[in-house]
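I'd like to ask you about the structure that follows.
We did not get these values from a lab; they are worked out from the coordinates using the rules stated. All figures in this text were calculated on a predicted structure; none of them were measured in a lab. Note that each Cβ is placed from the backbone with ideal geometry, even for glycine, and that neighbours are counted across all protein chains shown.
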Amino acid sequence: MSKERILITGADGNLGGRLVKEITERTDYGVVAVTLSRDMVSEMLEREQISATDRVIPFEQDAFFHSDWSDLKVSAAVHMAFARGNRPCREIANSLDYARDAYQRLYELRVPRVLYISSQSVYGTTSEWRKEDCPPAPESLYSMAKYAGEKLLEARFRDVPEIRYSTLRLDYVIQSQRLVTALCKDVKTSGTINLKGGKQTFSYIDRVDVAKAIVSMLRFNGPWRPVYNVGPNRMRYTLTEIAGVVVSVAKDHGIQDVKIHLEENDTELWSGMDSSLFMNDTAWKPSMDIYQMVEAIYEKV
């Protein structure tokens, strides 16, 4: 078993917990789980049903910033800690302060590889497939902050050749979006789906595949590009198509007569990225299709 460890900030979160599970179950790495408190790590381990608890070192933020942890043999860090988009502005601003200080600490201890988890939202709204060279155009405080986190990463490590760094811009993580959960709940409670618009487009990735993508990146020994898109390559669905998948899942689970009421309008929403660079470099591909993602949510609501 490798004595090397992966440090993860925000390890108690939805994505962080799944990444801890992926690392402990499918790699030889250990994990340094950075959170506000040790109790949050314990809750995450229980929630994710992680059995290899001896491979996870809980690490409070104060220790992360103010202790010498060079003896932990951290060979890579994944910075995931960031306020959700619906949180108060102060919390989002604090996330940038945290990112700046975290990058500085990783620089001081010369962690050789640093990943920052960003969002497709930095591209803004465009009907074109988003590629890494598309000019960012954030439209919200959250997406602007995510992009600022990318620039802080670049500024800290750009002139440090011994440290590899990269940003992963994730497609919409389906567990973090309200739409599919709401549609599944509607079907289970009333057997009816009410839609407005119909032509809006969505592209999703499951948190399971996000964790696998990050591990693929950590295993990739070639040159890291500054930015990668991570999601199902050039794949998106309209609102009505998403509703149709929910209906199919419901029928397969015994609800046969689901009604869809559509109030058509001209509402536009575009999503979807070109993730071919990441797939070509790391050989990663999503393991879950849209039906499997929706079914996993349907079974939990």
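Tally Lys and Arg at +1 and Asp and Glu at -1 over the other residues with C-beta under 15 Å from the C-beta of R90: what net charge comes out? Don't jump to the answer; show the numbers that get you there.
Numbers: positive: R84, R87; negative: E91, D97.
Overall, the nearby charge balance is 0.
If you don't mind, there's one more thing I want to ask. Using a 10 Å cut-off on Cβ atoms, rank the peptides 69-75, 206-212 from the highest mean neighbour count down.
Packing order, densest peptide first, comes out as 206-212, 69-75.
Can you give me the long-range amide H partners of L262? Hydrogens built in the peptide plane at 1.01 Å from N, cutoff under 5 Å, separation of 5 or more residues or another chain.
L195
Using a cut-off of 19 Å between alpha-carbon atoms, which aspartates and glutamates can reach K185, once sequence neighbours fewer than 8 places away in the same chain are excluded?
Here the aspartates and glutamates satisfying the reach criterion relative to K185 are D206, E241, D252, D257, E295, E299.
Tell me, how many Å apart are the Cα centres for the range 125-180 and for the range 1-67?
So the two Cα centres are separated by 24 Å.
Moving on to the next point. Going down the table (K212/K251; K188/K259; K21/K212; K196/K259; K188/K300), which pairs top 19 Å between alpha carbons? Please report the intermediate quantities before stating the final value.
Values: K212/K251 30 Å; K188/K259 12 Å; K21/K212 10 Å; K196/K259 14 Å; K188/K300 11 Å.
Result: K212/K251 exceed 19 Å.
Now for a different question. Can you list the lysines whose alpha carbon sits under 18 Å from that of K146, skipping same-chain ones fewer than 8 residues off?
The qualifying lysines are K131.
Let me ask you something else. Any idea which of V208, W270, S248 is furthest toward the positive side of the dipole for the range 197-288, if Lys and Arg beta-carbons carry +1 and Asp and Glu beta-carbons -1?
It is V208, whose Cα lies furthest towards the positive end.
Same structure again: At 222 nm, what value in deg cm²/dmol follows for the chain if DSSP H runs of at least 4 each add -39500 (n - 2.57) and the sum is divided by all its residues, to the nearest 500? Let's see the in-between values first.
Working: 10 runs with 122 residues, N = 301.
Counting only the DSSP helices, I get -12500 deg cm²/dmol.
Rounding to the nearest 20 debye, state how big the charge dipole of the range 159-301 is about its Cα centre with +1 on each Lys and Arg Cβ and -1 on each Asp and Glu Cβ. Provide the component values of the computation, followed by the final result.
Working: 17 positive and 18 negative charges, 54 e Å.
Charge dipole of the range 159-301: 260 debye, to the nearest 20.
Still on this structure: Would you please give the residues with an amide H less than 5 Å from that of V32, counting only those at least 5 places away or on a separate chain, with H modeled from the backbone geometry?
I6, L7, I8, I57
Then there is this: Would you work out the relative contact order for the range 35-126, in percent, from Cα pairs under 8 angstrom that are 6 or more residues apart? Intermediate results must be reported in sequence, preceding the final value.
Working: 56 pairs, mean separation 26.9, N = 92.
The normalised contact order for the range 35-126 reaches 29 percent.
Can you give the relative contact order of the chain as a percent, counting alpha carbon pairs under 8 Å and 6+ residues apart? Each step should come with its number before you reach the end.
Numbers: 548 pairs, mean separation 52.1, N = 301.
Once divided by the residue count of the chain, the mean separation gives 17 percent.
Would you kindly derive the ³J(HN,Hα) couplings of the range 186-196 from the backbone phi angles with the Karplus curve 6.51 cos²θ - 1.76 cosθ + 1.60 (θ = phi - 60°), listing them in order in whole Hz, with x for Gly and Pro?
Per-residue couplings from phi come out as 4, 4, 5, 8, 10, x, 9, 10, 10, 10, 10 Hz.
Output the 0 to 90 degree angle, nearest 10, between the alpha-carbon long axis of helix 141-157 and the longest principal axis computed from the alpha carbons of the chain.
Roughly 30 degrees, rounded to the nearest 10.
Please state the relative contact order of the range 9-73 as a whole percent: Cα pairs under 8 Å, 6+ residues apart? Spell out each step's value before the answer.
Values: 76 pairs, mean separation 22.1, N = 65.
This gives 34 percent for the range 9-73.
Mind checking which aspartates and glutamates have their Cα closer than 16 Å to the Cα of K3? Skip sequence neighbours fewer than 8 apart in that chain.
E25, D28, D54, D71
Given the range 115-199, report the % of alpha carbon pairs whose separation exceeds 22 Å.
On the way: 1613 of 3570 pairs.
Everything past 22 Å amounts to 45 percent.
Another question, then. How big is the C-alpha Rg of the chain next to the rule-of-thumb value 2.2 N^0.38 Å, as a ratio?
On the way: Rg = 19.8 Å, N = 301, 2.2 N^0.38 = 19.2 Å.
Taking N as the residue count of the chain, the ratio is 1.03.
Just to confirm the number: angle between the C-alpha axis of helix 207-219 and the first principal axis of the chain, 0 to 90 degrees, nearest 10?
Long axis of 207-219 versus the principal axis of the chain: about 30 degrees.
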